[in-house]
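The structure appears right after this line, and notes come after that.
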Amino acid sequence: MNLLNLYFTPFAAVMVVSALYFSDPDASVKWISVGVLLTSLIVNHWFSKNTYRFIGWAQRMKTLQVWLTFLWSAVLAYLLMPFWAPMWLLLTLPPVTAALYQSKAQTLGTAGVCSLAVLVLYKVYEAKVGMPLGSVMWAQGCVHAAFIPVLAAFVHELAQAALRMRDASRP
């Protein structure tokens, strides 16, 4: 969890802050986004400090953290994607987290849910705008959705390779 919090948490925070600073969302969207971001930072910090304190519950806590990350990412992407297109990248975080601590099937399942969420967000945005997004925007959305399981599978294989190397070096 520490590596994720070291690299991905600041990335997510910078992305949300950039979206709020450089775009012009409504005041309510700004405050809800700040609230979700702060809540996610506090809870992720708590999880990183306490997951192994409850060793019998560690795996369940990691799974809970994956799905809480999905919830926060989906809410922030829903709120800010109309103002800041790269917000879909937040939906790469749950499967990357799953890739480090769960099986390949669980990782790909999480990635599938996140990919579907990206496409749903495009559909919701299309409905909000009140006109079709067009084939170029949908092609981009499909590429975004396809990237998520590819990244998750890649990270999962890297994590497994690291574990194999660690185990091979033990006497």
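What single numbered condition from (1) surrounded by fewer than 17 Cβ atoms within 10 Å (Cβ to Cβ); (2) under 26 Å from residue 147 (Cα atoms); (3) small (Gly, Ala, Ser) fails to hold for residue 19?
(1)
Here are the criteria: (1) surrounded by fewer than 17 Cβ atoms within 10 Å (Cβ to Cβ); (2) under 12 Å from the mean Cα position of the chain (by Cα). Tell me which single one residue 56 does not satisfy.
All conditions are met except number (2).
Go through region 20-51 and give me each residue that's of a type in the set (Gly, Ala, Ser) and farther than 20 Å from residue 96 by Cβ.
Across region 20-51, the qualifying residues are 23, 27, 28, 33, 35.
All but one of (1) under 16 Å from residue 155 (Cβ atoms); (2) out of contact with any helix residue (DSSP H, G or I) (no Cβ under 7 Å at 6 or more places or on another chain); (3) not small (Gly, Ala, Ser) hold for residue 4, so report the exception by its number.
Evaluating residue 4 over (1) under 16 Å from residue 155 (Cβ atoms); (2) out of contact with any helix residue (DSSP H, G or I) (no Cβ under 7 Å at 6 or more places or on another chain); (3) not small (Gly, Ala, Ser) leaves (2) as the failure.
Every read-out reported here was derived from the displayed coordinates using simple, explicitly stated rules and does not represent laboratory data. These numbers come from a predicted model, not from an experiment. Virtual Cβ from ideal backbone geometry, glycine too; neighbours counted across all protein chains shown.
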